[in-house]
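Rule-based calculations on the coordinates, nothing more; no lab input. What you are looking at is a predicted structure, and each value in this text was computed from that prediction instead of being measured. Please note: Cβ atoms are built from the backbone with ideal geometry, for glycine as well, and neighbour counts cover all protein chains shown.
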Amino acid sequence: MYNFEFKQPKTISEALNALKSDEAEALAGGQTLIPTMKQRLASPATLVSLSKISEMRGICKNDDGSISIGGGTTHADVAANSNIFPGLVTLAENIGDPAVRNRGTIGGSLANNDPAACYPAAALSAGATIVTDSREISADDFFQGMFETALEESEIILSVRFPVPSLSSYQKFVQPASRFAMVGVFLSKFENETRVAITGASEEGVFRWKEAERALNEDFSEGSITDFVLEPSGMIGDIHASKEYRAHLVKVMTKRAVKSAS
Amino acid sequence: MPKDSGIGAATRRREDARFLLGSGRYSDDIVLLNQTYAVFARSEVANGIIKTINTSEAEKMPGVIAVFTGDDFVDVGGNPAGWLINSRDGEPMKEPKRPVLAHGKVRHVGDAYAAVIAETEQQARDAAEKINADIMELPAIIDMTSALSGSNYVHDEIETNQCFDWGWIEDNREATDNAIKNAHHVTTLELTNNRLVPNAMEPRCSIADYNAANDDYTLYTTSQNPHLTRLLISAFVLGIPENKLTVVSPDVGGGFGSKIYHYGEEALVLAAAKRIKRPVRWTASRSESFMTDAHGRDHVTKIELALDKDNNFLAFRTETMANVGAYLSNFSTVTPTILHGTLMAGNYSVPNIYVNVKAVFTNTAPVDAYRGAGRPEATYSLERVIDKAALELNLDPIALRRQNFIKSDQFPYVTAAGLNYDVGDYDAIMDRLEHHADIKGFAERKKISEKQGKLRGFGVNSYIEACGIAPSNLIGTLGARVGLYDAATIRVNATGNISVMVGAHSHGQGHETAFPQIVADMLGVDPNNVEIVHGDTSKIPFGMGTYGSRSLAVCGSAIVRGIEKIIAKGKKIAAHMMESTEDNVDFEDGVFSVRGTNKTVSFGDVALKAYIPHNFPIEDIEPGLEETAFYDPQNFTYPAGAYACEVEVDPNTGKVSIERFAAADDFGNIINPMIVEGQVHGGLAQGIGQALLEGCVYNDDGQLISGSYMDYTMPRAADLPSFVVDHTVQTPSTDNPLGVKGCGEAGAIGSPPTVVNAVINALRSAGHDITHIDMPLTPARVWAAMNN
Ligand SMILES: Cc1cc2nc3c(=O)[nH]c(=O)nc-3n(C[C@H](O)[C@H](O)[C@H](O)COP(=O)(O)OP(=O)(O)OC[C@H]3O[C@@H](n4cnc5c(N)ncnc54)[C@H](O)[C@@H]3O)c2cc1C
C-alpha cells in the first residue's frame, strides 16, 4: 500500500466535495479496493469513506411497492432483511464470508462491476434503477462490460431501487477457489415479463439472456429452455472452466432458477 | 491398558491452548531492538538474462540502509541438494549452483535478484520498486516434455534440462521388461500427479541478529529442522562456523515439507545483519509464499501392470518425469527417487519392478517434498493402475488387491523395489475397512442418490509408506549427504521435574503432548512435570528435524534411550542411598526398590541426591542427572492402510461431493490416539484437496496463474465429509523400542487414489466409458470427461 489521505464525511455533499480533489476515490466496504491497494495495484491519493454517511444506508419500501437499498448498505444487512424478495436475500447471504458480508456494500459491488460479482445480476434481472448523486440510471444502461459502468468520475451510487418480482431466484455455481460466481443466474418473474441475467460467464460482464427470457415468457418451465445451445465463443475461458463448460452451466443454472422460483 | 496420562492415553494437546488463544510465539512475533526490514525485488519473468541492475535510485530512497544484488554473493556457496542421485549410466546428477540472489539469470517468476534493507518495511518496499533491472526475457521452459527436447535451457550448462535419468533397480530392468512382454494381461495408464502449493498457514519469516562483540549470529526462522538449516548455512552457503550460529525456530505455523529447506532469504538476512550491524527481518507475503515456497508433486507418469492368467501381479513398470523446478531444493532429488521408486511394490507381492525417473529443470519454483513426499506419487500410480486393471478384467477391486497382498506370515518381506518390510497385516486392515465402509449398504445408497439425480461411486485403495525417515547406513548407500538419526537430552532437574531437549521440531504435530507421555510412562512421573524444548540449536544437542513421519519413531526412540540411561544412573544412586548394589535395584512407577526388601527411594529423592551430592559415591558416579542419546534405526518403519470413499457426482455439472470416507491404518503402537486421529484428518483433508481442488498452474510464459487464493483452491471444512478413522490393527514396528511407525503423512498418501477411483466408478456406472481423469477432479474436468 502507498500512503494516502483519509476522509470520513458524514453527509453526501461533504463526500462529493471531498471526491473532487485530485485522485480521490470512494471507499465503501473496502473488500475490493483495500486488497487492490495492498498489492499496490491502486494508489488513490485520497480515500473518501462513505461508511459514516447514514443517508446512504438502509432498506425501505417505496409507495409503488419497489424497494430502495442505500448504496452503503452491507451484504449482511440485505441478507438479514426478510422484506426483500427471496432471490436477493439468497444472493447476499452467499457472498464471500461473514467478514466480507459485514463490510462489503451493494454500491461498491455495482460500481466495481466485477464480471464474477453477484449483485450486477440481481440489478439487471430485476430491472433496478441505480440512483446516483446526479441522476438515475436503469440497470440496462448501467453495466457496460467487465469493470465498466455508466458512472462518471466521482459520481456515487446513493441507492438502488428494485422493482419486486413476483418470483425470483439466484443460482450461483461457485468458482471453486474464490467462491465468486463461475456462473450466476438471477431470474426475476414479473407479471408480464421474465428477466434472466447472467454473471460470471461472459467476457462482456453481466448480460441478459434474452433468448431464455422470450422462451420463459411464453412458457415458464424448465423444459422451455432445454433445447437452447448457448454460443461458447463470448464466454470466459480460464483455468477453472472452459468457455463450453460455462455456456453449459448457464443453461443448467437457469433451469435450476426456473425450478426453484416456480 | 493405557494409563490415563502415559503411553496410549488420549491426552489433550497442551500446546493447543496457546495456539487457540493467539498466544503462540511465532518468528514474526519476535521484535528486536533497532531492527530493520528486508524486501526483495523478484523477477516478473520466468526466464531472463540479467543485463544490469541499477540500484542507485533505490539507495537514495528514504530510510534505505543497504541494497544487495547477486553480485554480493558470488563468493559464497550455493544452497545444495541433500542427496546425490546418479543416472542409469553412472553419471552424477546435474547440480547447478543455487545462489542466495539470482546472478546472471532469473529462472522463475519470484526469483529474487535484489534486496533492500530499510528502516521500515514500507520504505524497503518503496525502494525495491526503484531498483532498475534490465532483464532480457527469454522463452520460458515450462512443459517437461518440451524441456527435455527443446533448445532453450534453464541452466545454460545443462543442455538437456535433465537433472538425472534414474533407474530403480537397474538390474531388474530386463526381467521386468520380459515379464511385461510375456504377460497374460498388461494394463497401462498415463497420469499426472498434480503440482501443489504447500500453503502453510504461517508464511516464511526469517530474522537475523548479528552480535559484533562476539562475531556470532542468531537466526530466527520458520524451519522444520533448525539444525539442518544451520548445517547448510555453515557448511555450504555462508561458511559461518556452526558454533557462531544459533538457529531458533519457535512456534511454526505448519510446514508440510516446505519449511524443511534452507532458502536464500535466510542467508540474505544473515549477511545483511552482519554488514549493517543491526537485526534484519523479512516475512513473506502470501504472494511470495505462492511464488517461492518449494512446491510439491508434479510428476507425469506412465505405469504398466502385468498380470498372469490368474490375476497375480507379475510386474510394475513406470516411466516418470519429475519436475524439479528451476533449482534443486534440498530434498528435491531424493523425493522423486528413493522416496518414490522404492515404494513401487505397494502392499503387494510382485516379483518384478522397474522404475525410471527423469528429473527435469523448468522455469518454475523449485519442487520438493510435500506431505508424503514421493510416496503419494507412488501410491497414486499403483492404486490407479490396479483399479484400471480390475476394470479391464472385470474383477472386484478389493478382491484383486487382497489376492496380491503380501500375507501376514510373509514378513519380513523384501520387495522387488529393495525395501525390507518388517511387519504388517494388510488383510486385517482391509477387514476393518470393509467393516466401516459398509459395502453391503452401497447399493441402497446408490439408489437413493440416483433418485436425487446423482451418480454414486465407491472407491478403495491400499497404501504403504516408508516412514521414520532415518537409517543413516542405508541412506548413505543411496546417496544421502547427511545422516538421519535424531537426538534427545533428558535433563532431570534437582527438584525432580524434567526438561527434554529434542531434535524433532513441532509445528503442529503435538510433540509437547506426546513426548511427555513417553517420559511419564517410563519414569512414573506426571507428564505435566515434563517440558519439551525444541527448535533452538543452542539448547538442543542435535537433530534432523521433523518430516517423513519420523519424529516419534526416531526422536521418540532417542528419548527412550536417554531415559534408559537416566534409569541406569538412577539405579546406581539409589543403590548407594539404600546401601545395596545396582543389580539388586528395581525401578517401577517412579520408585527404586531393593529386590526382596521393603527398602525404597523415590525418583524425586534420587534426583535431589544427584544435585546435592552429600554422602554421594563421587568416585564412581558423577553428580547431576542428565543424559543424551542419539538414535539411528536400522530400517524405515512401514505404516500401511486402506481407505474407502463414496462420492456423488452431479451429472449436470460434474461436481463431486464426498459422502463417506473411511480410513483404516496400521501405525503400530500408538502413543496418543487423539493426536493420531487429528493427523489422519489433516492428511485426508490435504489428499482430498489434491484429488478434487488443488492445482498449481503456470501458463506457457511461466506466469503463476494460480498465485493467490482467488485461483488456488484450498480444501475447506465444507468440502470434507465426516471421517471414520480406525487404527485398531497395530503391528508394532520391530525396529524401534516404541514399536511405532508414524502417522503424519498417511492421509495425504492414501486418499487421492481413493477419491479418483470412486469418481471413475460413479461415472462408469452411468455408462461413461472413462478410465481416468487427471487431478484435480474439478467440476469442469469431470464434466469435460463426461462430454467428450
Ligand atoms: C473474500 C471475498 C469474497 C468475495 N466473494 C464475493 C462473491 O461471492 N460475490 C460477490 O459479488 N462479491 C464478492 N466479493 C466482493 C464483495 O462483494 C465486495 O464487497 C464488493 O465487490 C465491493 O464492495 P465494497 O463495498 O467492499 O467496495 P470497495 O472495495 O470499498 O470499493 C470498490 C469500488 O467501488 C467504488 N465504490 C464503492 N462504493 C461506491 C458507491 N457507493 N458509489 C460509487 N462508487 C463506489 C470504490 O471507489 C471502488 O472503486 C468478495 C470479496 C472478498 C474479499
Looks like the stretch B:310-457, by Cα gyration tensor root eigenvalues a ≥ b ≥ c and the a/c under 1.5 rounded cutoff (else prolate when a/b is bigger than b/c, oblate otherwise), is oblate
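Relative contact order of the stretch B:117-195, please, whole-number percent, based on alpha carbon pairs below 8 angstrom and at least 6 residues apart. Display every interim value, and only then the final one.
Working: 24 pairs, mean separation 9.4, N = 79.
Relative contact order comes out at 12 percent.
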Mind checking the mean number of beta-carbon atoms from other chains within 10 Å of the Cβ atoms in A:37-47?
1
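Rounded to a whole number of µm²/s, how large is the Stokes-Einstein D of the stretch B:639-788 at 10 °C and 1.306 mPa s, given Rh as the Kirkwood radius over C-alpha pairs?
Working: Rh = 16.7 Å.
Rounded, D is 95 µm²/s.
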For the stretch B:364-475, how many pairs of lysine residues have a Cα-Cα distance under 30 Å, where the two are 8 or more positions apart or belong to different chains?
10
Additional length obtainable on full extension of the chain from B:N788 to B:K599, 0.36 nm per residue less Cα span
59.8 nm
As an exercise, use a Förster radius of 35 Å and the Cβ-Cβ distance of B:S499 and B:N473 to find the FRET efficiency, rounded to the nearest 0.05.
0.70
Per the rule of 0.36 nm per residue minus the C-alpha distance, extending A:E204 to A:V229 adds in nm 7.2 nm
Shape verdict for chain A, please, from the Cα gyration tensor: rounded (a/c under 1.5), prolate (a/b greater than b/c) or oblate.
prolate
For peptide B:688-698, compute the average count of partner chain beta-carbon atoms within 10 Å of each residue's beta-carbon.
1
With the Cα gyration tensor of the stretch B:17-115 giving a ≥ b ≥ c as the square roots of its eigenvalues, does the rule (a/c under 1.5 for rounded; else a/b larger than b/c for prolate; else oblate) give rounded, prolate or oblate?
oblate
Under a plain spin-label model, where a point goes 7 Å from the Cα along Cα-to-Cβ, how far apart in nm are B:N152 and A:K38?
3.3
Once normalised by the length of the stretch A:1-55, the mean sequence separation of its alpha carbon contacts under 8 Å that are 6 or more apart gives a contact order in percent of 55
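Under the 0.36 nm per residue contour assumption, what length would be gained going from the current alpha-carbon distance of B:K60 and B:N699 to full extension? Can you show the working numbers first?
Values: separation 639, 0.36 × 639 = 230.04 nm, distance 3.68 nm.
Gain on extension, B:K60 to B:N699, equals 226.4 nm.
How long are the three semi-axes of the equivalent ellipsoid of the stretch A:1-55, in whole Å, if each is the root of 5 times an eigenvalue of the C-alpha gyration tensor, listed from largest down? Each step should come with its number before you reach the end.
Numbers: eigenvalues 77, 31, 10 Å².
Each semi-axis is √(5λ); the values are 20, 12, 7 Å.
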Cα pair distances of the stretch B:467-593 binned at 10 Å [whole percent]
13, 39, 28, 15, 4, 0
Where the Cα atoms of the protein assembly as shown are projected onto their three principal axes, how long is each span, largest first, in whole Å?
102, 76, 66
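Over all directions, what mean area does the Cα convex hull of chain B project, stated in square nanometres?
Working: hull surface 143.5 nm².
Averaged projected area of chain B's Cα convex hull equals 35.9 nm².
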What nm value, rounded to one decimal, do you get for the distance between A:A80 and A:E218 when each label is placed 7 Å out toward the C-beta?
4.7
Radius of gyration, Dmax [the stretch A:167-261; alpha carbons; angstrom]:
12.5, 40
Sorting check: for A:201-211, B:290-300, B:7-17, which peptide has the highest mean count of neighbouring beta carbons within 10 Å, and how do the rest follow?
B:290-300, A:201-211, B:7-17
Highest first, please rank the peptides B:378-388, B:702-712 by the mean number of other Cβ atoms sitting within 10 Å of their residues.
B:378-388, B:702-712
Other chains near A:236-248: what is the mean number of their Cβ atoms within 10 Å of each residue's Cβ?
4
Between the stretch B:36-85 and the stretch B:177-228, how many Å separate their Cα centres?
23
In Å, the C-alpha Rg and Dmax of the stretch B:634-727 are 16.8, 54
Counting only the backbone N, which residues of the stretch B:554-597 are under 15 Å from the spot 7 Å out from the Cα of B:I618 toward its beta-carbon?
none
Using 1/(1 + (r/R0)^6) with R0 = 56 angstrom and r between the beta carbons of B:D4 and B:D177, what's the FRET efficiency to the nearest 0.05?
0.45
Roughly how many Å is it from the Cα centre of the stretch B:465-518 to that of the stretch A:106-180, as a whole number?
58
Run the paramagnetic zone check for B:S722: 7 angstrom along Cα to Cβ, then residues of the stretch B:681-716 with backbone nitrogen under 19 Å.
B:681-682, B:684-685, B:716
Can you tell me, using C-alpha contacts under 8 Å and at least 6 residues apart, the relative contact order of chain B as a whole percent?
15
With r defined as the distance between the Cβ atoms of B:I770 and B:K51 and R0 fixed at 35 Å, what FRET efficiency is calculated, to the nearest 0.05?
0.10
Projected area of the stretch A:67-125, taken from the Cα convex hull and averaged over every viewing direction, in nm²?
3.6
